1. What number of residues within region 20-51 are farther than 17 Å from PRO7 by Cβ and among the charged types (D, E, K, R)?
2. Please determine, by comparing only the residues of region 7-49 that are within 9 Å of the chain's Cα centre (by Cα) and of a type in the set (Val, Ile, Thr), which one is nearest to PRO61 (Cα to Cα).
3. Enumerate the pairs (first residue in region 1-21 and farther than 18 Å from HIS31 by Cβ; second residue anywhere and open to solvent by less than 60 Å² (accessible area, probe 1.4 Å) and not hydrophobic (A, V, I, L, M, F, W, C)) with beta-carbon separation below 9 Å, excluding pairs fewer than 6 apart on the same chain, so at least 6 apart or on different chains.
4. For region 46-67, name all the residues that are surrounded by 14 or more Cβ atoms within 10 Å (Cβ to Cβ) and polar (S, T, N, Q).
5. For region 18-45, enumerate the residues that are part of a loop (DSSP other than H, G, I, E, B) and open to solvent by 40 Å² or more (accessible area, probe 1.4 Å).
Amino acid sequence: MEMNWIPVTERLPETEGLYLTTNVYSASVKHVLVRQYDAIQECWMADQNVEITAWMLLPAPYQKDNGGVK
């Protein structure tokens with residue numbers, strides 16, 4: 001699965017769920033966090049003092065397969 005950041009100015013998720021997001025609190029404070037997106041209200045479940053600038057799908061969970069990574 002290819003993982004690329006999608007700017008929120010380009011588009012928002014089509015379905016409700018959890019997404020990896022880039023969160024900007026100030027010019028010098030940025031974090032990558034998992035956030036819930038509400039597709040009905042078309043908004044992120046986040047504090048009011050944060051700007052979400054980009055998002056991407058979460059990677060698939062780790063799966064152990066005979067001692068290796070699947």
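1. Qualifying residue count for the region: 2.
2. Once the filter is applied, the top-ranked residue is VAL34.
3. From region 1-21, the pairs are THR9/THR53; LEU12/TYR37; PRO13/TYR19; PRO13/TYR37; THR15/TYR37; GLU16/TYR37; GLU16/ASP38; GLY17/TYR37.
4. THR53
5. Kept after step one, since they are part of a loop (DSSP other than H, G, I, E, B), are these residues of region 18-45: 27-28, 39-42, 45.
Matches in region 18-45: ALA27, SER28, ILE40, GLN41, GLU42, MET45.
The values are calculated or read from the model by the stated rules, or taken from the named source; none is laboratory data. What you see is a predicted model; the values in this text were computed from it and never measured. No Cβ is skipped: glycine too gets one built from the backbone with ideal geometry, and neighbour counts run over all protein chains shown. We work out accessible area using only protein heavy atoms, side chains counted, and drop any ligands, DNA or RNA first. Shrake-Rupley method; radii C 1.70, N 1.55, O 1.52, S 1.80 Å.
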